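A.B. asks: Sharing a structure here in structure tokens format.
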Amino acid sequence: MGTHDIDRIIRERVESRRFRIKDVDQLKTVDDVFNQYTIDALRELMNRRVVDEVYGPVAQGKEAKVIWAKAPDGTDIALKIFYTSTAQFIRGRYKYLLGDPRFTGVKITNTRKLIEYWCRKEFSNLGDAYNAGVRVPKPITFNRNILVMEFISYRGVSGVPAPLIKDAPPEDPESAYLTIIKYIEKAFILGRIIHADLSEFNIVNTGDELVIIDWGSAVKTNHPNAVEFLLRDIENINRYFNKELHVKTLDGKALLNALLRRYEYRGDVKSDEDGWLLINDKRIIDDLTNV
Ligand SMILES: Nc1ncnc2c1ncn2[C@@H]1O[C@H](COP(=O)(O)OP(=O)(O)O)[C@@H](O)[C@H]1O
Ligand SMILES: [Mg+2]
């Protein structure tokens with residue numbers, strides 16, 4: 001499938017759902033994610049001049065819907081709206097929050113509070129990754145169950161979301177692989193965060209760069225299962241790039257150990273022009289290729 005086909009398919013999908021509504025109360029009738037609680041949250045975002053217009057959903061998951069909207073300055077934004085009533089959401093996510101040291105002392109007494117914490121957590125995770133220099137949707141703000149972030153579009157076409165790499169594999173798999181390893185490295189060493197759900201289902205291809213989305217499950221490096229999650233992310237990425245795209249991937253355990261050694265390092269961490277982290281003027285990757 002060529003990029004033009006992908007372009008056309010995505011465009012048709014979005015156009016077929018496209019709508020524009022200034023009166024937020026009407027949203028109730030077009031999409032079930034907009035219950036009164038969510039509409040009130042959205043109205044507040046509009047009053048705060050964060051959101052101006054809301055268009056259609058671009059994707060639908062088990063726990064959230066992602067909606068295309070516009071900011072008052074006309075730029076596209078994505079609203080990730082978490083469902084407020086899914087029993088599945090609670091069962092699937094409670095354990096992540098419980099294991100997270102940032103949320104100890106947080107007493108969750110009702111479903112909405114839990115979902116608000118989840119939304120806040122994804123916002124804060126995105127910020128950590130973004131500040132570490134990882135290409136992620138830039139977080140803008142959140143309110144209740146609505147996360148507002150940069151809209152990642154396909155080839156800059158307004159309202160057309162970038163496809164997942166599983167549907168639109170990168171043209172240069174070798175360099176794409178190294179880019180993702182570089183992002184894992186930066187998130188871990190500079191952002192002290194691990195995605196924990198990394199795979200071809202959470203990386204999108206804009207046509208000229210890869211963006212890692214869906215940071216809701218991410219954990220800080222002080223999480224009790226941090227190392228396990230880091231290795232799982234690495235192995236998932238290795239599996240996809242090796243099995244599907246035939247890239248000669250790095251040894252997962254060796255990469256993990258190199259990352260852990262570098263994590264212990266207390267000195268200055270710099271990047272080279274290619275964006276690799278340099279510690280004592282050496283790259284992690286060089287450790288793996290020179291032994
Ligand atoms: N910032 C964004 N810009 C454009 N599309 C997005 C954005 N974030 C998510 N999406 C789309 O929404 C889908 C679901 O988002 P994701 O964060 O992965 O939630 P889920 O928990 O449902 O997997 C993604 O696969 C992607 O197609
Ligand atoms: Mg996802």
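The values are calculated or read from the model by the stated rules, or taken from the named source; none is laboratory data. Values in this document were obtained by computation on a predicted structure and should not be read as measured data. Glycine gets a Cβ as well: all are built from the backbone with ideal geometry, and neighbour counts include every protein chain shown. All accessible areas refer to the heavy atoms of the entire protein, side chains included, with ligands and DNA or RNA removed. Shrake-Rupley method; radii C 1.70, N 1.55, O 1.52, S 1.80 Å.
A.B. asks: Evaluate segment 251-265: report whether one residue or more is within 30 Å of ARG120 (Cβ to Cβ), within 16 Å of ligand 1 (Cβ to nearest atom), open to solvent by less than 40 Å² (accessible area, probe 1.4 Å) and not in a strand (DSSP E or B).
C.D. replies: no
A.B. asks: Starting from segment 197-216, take each residue that is of a type in the set (Ser, Thr, Tyr) and list its partners that are more than 10 Å from ligand 1 (Cβ to nearest atom), counting only C-beta distances under 7 angstrom and pairs at least six apart or across chains.
C.D. replies: Once the first residue is of a type in the set (Ser, Thr, Tyr) and sits in segment 197-216, its partners that are more than 10 Å from ligand 1 (Cβ to nearest atom) give SER199/ASN236; SER199/TYR240; THR206/ARG155.
A.B. asks: Further, regarding this structure: Collect the residues in segment 40-65 that are assigned to a loop (DSSP other than H, G, I, E, B), of a type outside the set (Lys, Arg), away from ligand 1 (no atom under 12 Å from the Cβ) and surrounded by fewer than 21 Cβ atoms within 10 Å (Cβ to Cβ), keeping them in residue-number order.
C.D. replies: VAL50, ASP52
A.B. asks: Something else: Restricting segment 208-220 to residues that are of a type in the set (A, V, I, L, M, F, W, C) and part of a loop (DSSP other than H, G, I, E, B), which is surrounded by the fewest Cβ atoms within 10 Å (Cβ to Cβ)?
C.D. replies: Step by step, filter segment 208-220, then rank; the result is ILE213.
A.B. asks: So which residues in segment 147-182 are buried (at least 17 other Cβ atoms within 10 Å of the Cβ) and in a helix (DSSP H, G or I), if there are any at all?
C.D. replies: Once the filter is applied, which keeps residues that are buried (at least 17 other Cβ atoms within 10 Å of the Cβ) and in a helix (DSSP H, G or I), segment 147-182 yields PRO173, ALA176, TYR177, LEU178, THR179, ILE180, ILE181, LYS182.
A.B. asks: In addition: Looking at (1) touching a residue at least 40 places away in the same chain (Cβ under 8 Å); (2) within 13 Å of ligand 1 (Cβ to nearest atom); (3) of a type outside the set (Asp, Glu); (4) open to solvent by less than 30 Å² (accessible area, probe 1.4 Å), can you tell me which one ASN143 breaks?
C.D. replies: (2)
A.B. asks: While we're looking at this one, here's another question. So, LEU210, is that one touching a strand residue (DSSP E or B) at 6+ places or on another chain (Cβ under 8 Å) and within 16 Å of ligand 2 (Cβ to nearest atom) or not?
C.D. replies: In short, yes.
A.B. asks: What is the one condition in (1) buried (at least 22 other Cβ atoms within 10 Å of the Cβ); (2) over 27 Å from VAL269 (Cα atoms); (3) free of Cβ contacts under 8 Å to residues at least 40 places away in the same chain that TYR240 does not satisfy?
C.D. replies: Condition not satisfied by TYR240: (3).
A.B. asks: Quick check: anything in segment 221-232 open to solvent by less than 40 Å² (accessible area, probe 1.4 Å), within 16 Å of ligand 1 (Cβ to nearest atom) and either of a type in the set (Ser, Thr, Tyr) or touching a helix residue (DSSP H, G or I) at 6+ places or on another chain (Cβ under 8 Å) (or both)?
C.D. replies: Checking segment 221-232: not a single residue is open to solvent by less than 40 Å² (accessible area, probe 1.4 Å), within 16 Å of ligand 1 (Cβ to nearest atom) and either of a type in the set (Ser, Thr, Tyr) or touching a helix residue (DSSP H, G or I) at 6+ places or on another chain (Cβ under 8 Å) (or both).
A.B. asks: Also, quick follow-up: Against the condition farther than 20 Å from LEU45 by Cβ, of a type in the set (Asp, Glu) and not assigned by TED's automatic domain parsing to the domain that holds LYS65, how does ASP197 come out, does it pass?
C.D. replies: So ASP197 passes the test.
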